[in-house]
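Readers should treat all values here as calculations from the given coordinates under stated rules, not as data from a laboratory. What you are looking at is a predicted structure, and each value in this text was computed from that prediction instead of being measured. Virtual Cβ from ideal backbone geometry, glycine too; neighbours counted across all protein chains shown.
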Ligand code: GDP
């Protein structure tokens, strides 16, 4: 499903730019710098296919990738830029809301959370939006290599406690490290199972 079968399709800035809603798709969301582009690159084995968008004022695109010919992988713009202009944030929220409400093919959202920090207030906003949109979401913890094995359980407990308040949360957490490769096979298998 992933090896040699991933291609960039298009960047979308408005709902009318979305490709036909005729495949199963999964989307990736996360605070800027959470490691989203690193994870997508590591998952797909295509270095540089997903690029970090670290400029708050830049056009916020929803990037579509094809996974074989039956699925889309969707890279949502990062959120939580410290100095993002209000108008950019508002436009992004409107597009995100429309996207989450409007895609029949959307099977699951993967919300990336930096394992060193756990779920923060800025993440709660998107989790609440996912609840309201009735889109099942699964938390993917990133940069697991930066958290000492002894400290992992504490973070996991914090995340589980916060997720208990979100009806759309899928209970199983995925620990990943793009650097070390941890969790990538698990995440690929989860995506492959969403048909
Ligand atoms: P994005 O803004 O969410 O796309 O984040 P990036 O993928 O650009 O990553 C942000 C920073 O975190 C970069 O400096 C990456 O090298 C680093 N990073 C990403 N994933 C990992 C990981 O699994 N382990 C470690 N140690 N660093 C990571």
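Here are a few things to note about the model shown:
- Nitroxide proxy distance, nm - points 7 Å out along Cα→Cβ at residue 151 and residue 104: 4.7 nm
- Per-pair calculated FRET efficiency, R0 = 22 Å: residue 189 and residue 160 via Cβ, rounded to 0.05: 0.50
- Stokes-Einstein diffusion coefficient of the chain, Kirkwood radius over Cα pairs, 10 °C, 1.306 mPa s, in µm²/s: 95 µm²/s
- Principal axis box of the stretch 68-174, alpha-carbon based, largest edge first, Å: 41, 37, 29
- Size estimate for the stretch 10-121 follows the Kirkwood approach: the inverse of mean 1/r over distinct Cα pairs works out to 14.5 Å.
- A simple spin-label model places the labels of residue 15 and residue 70 3.0 nm from each other, with each point 7 Å out along Cα-to-Cβ.
- Within a Gaussian network of the chain (alpha carbon springs, distance under 10 Å), most fluctuating of 19, 149, 171: 149
- 222 nm mean residue ellipticity, helices alone, for the chain (DSSP H n ≥ 4; -39,500 (n - 2.57); rounded to 500): -10500 deg cm²/dmol
- Least to most buried among 74, 104, 155 (fewest other Cβ within 10 Å first): 104, 155, 74
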